[in-house]
Amino acid sequence: YVPVKEFSDLSYGITKDQLSGMVSELLSNDKIDKIGYDIKSLLLPLKQDHSSFSFSGKFYDVMVASYLLNPNKPTHKLEEISLDFLSYRQMTKTDIFGKGKSVREVSVDDIARYYCERAVVTYRLKGVLYKLLKEEQLEDVYFKIEMPLIFVLTDMELSGVKIDIKKLEEISKEI
């Protein structure tokens, strides 16, 4: 757990620039696999201020893997994936923060314990889910379509997209 000042209302922690410096070498090293949950949401703040940030190597996103294995499931929260594939009930934010508590009202140790557990669960899920992707012959779909799409969607969210309003209205009338 690394508290980042700009992402919370804490008076302590590191800045986004310090975080970028710490992780840029890791994320650009193609020899190091990256394992996470909802990687796109983690990429957005990094790319927002550092558009030249480079990402290399294999990225394992357990949320995307869970979706591929069970596309009809309405949500793919880490707590649910953990229960479904590891039979493990992990802490929830409510367990740590309660109802309506701010980050300032929770000890750093409790916050760290929560995020460390998420990291361990994510790491354990990677082994289970990617074995299942291989068994279901979904590895190529994951690595050749889904993961590259995460980077495209991240760039689209940051840049925006141009919409032809007249064409959209025409299509809308057809539907």
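Scanning the range 155-172 for residues that are over 22 Å from S28 (Cα atoms) and either outside any loop (DSSP other than H, G, I, E, B) or open to solvent by less than 50 Å² (accessible area, probe 1.4 Å) (or both) yields a count of 9. Being open to solvent by less than 100 Å² (accessible area, probe 1.4 Å), under 13 Å from K58 (Cβ atoms) and in contact with a Leu (Cβ under 7 Å, 6 or more places away or on another chain) is a description that applies to L133. Scanning the range 149-164 for residues that are touching a residue at least 60 places away in the same chain (Cβ under 8 Å) and of a type outside the set (V, I, T) turns up F151, L153, D155, E157, L158. Taken together, the residues in the range 130-154 that are assigned to a helix (DSSP H, G or I), modelled with pLDDT of 95 or more and polar (S, T, N, Q) amount to 0.
Residues that are at pLDDT 95 or above and surrounded by fewer than 20 Cβ atoms within 10 Å (Cβ to Cβ) within the range 51-67 comprise just one, Y67. Filtering the range 1-43 down to residues that are among the aliphatic types (A, V, I, L, M) and open to solvent by less than 40 Å² (accessible area, probe 1.4 Å), which residue is modelled with the highest pLDDT? Per the criteria, the residue is I39. Looking across V152, V103, one residue alone is open to solvent by less than 90 Å² (accessible area, probe 1.4 Å) and in contact with a Ser or Thr (Cβ under 6 Å, 6 or more places away or on another chain). It is V103. For the range 8-39, the tally of residues that are of a type in the set (G, A, S) and either touching a strand residue (DSSP E or B) at 6+ places or on another chain (Cβ under 7 Å) or touching a residue at least 60 places away in the same chain (Cβ under 8 Å) (or both) stands at 3.
The values are calculated or read from the model by the stated rules, or taken from the named source; none is laboratory data. Being a predicted model, the structure only gives us computed values, none of them experimental. With ideal geometry, Cβ positions are generated from the backbone for all residues, glycine too; neighbour counts draw on all protein chains shown. Calculation scope for accessible area: heavy atoms of the full protein, side chains included, ligands and nucleic acids excluded. Shrake-Rupley method; radii C 1.70, N 1.55, O 1.52, S 1.80 Å.
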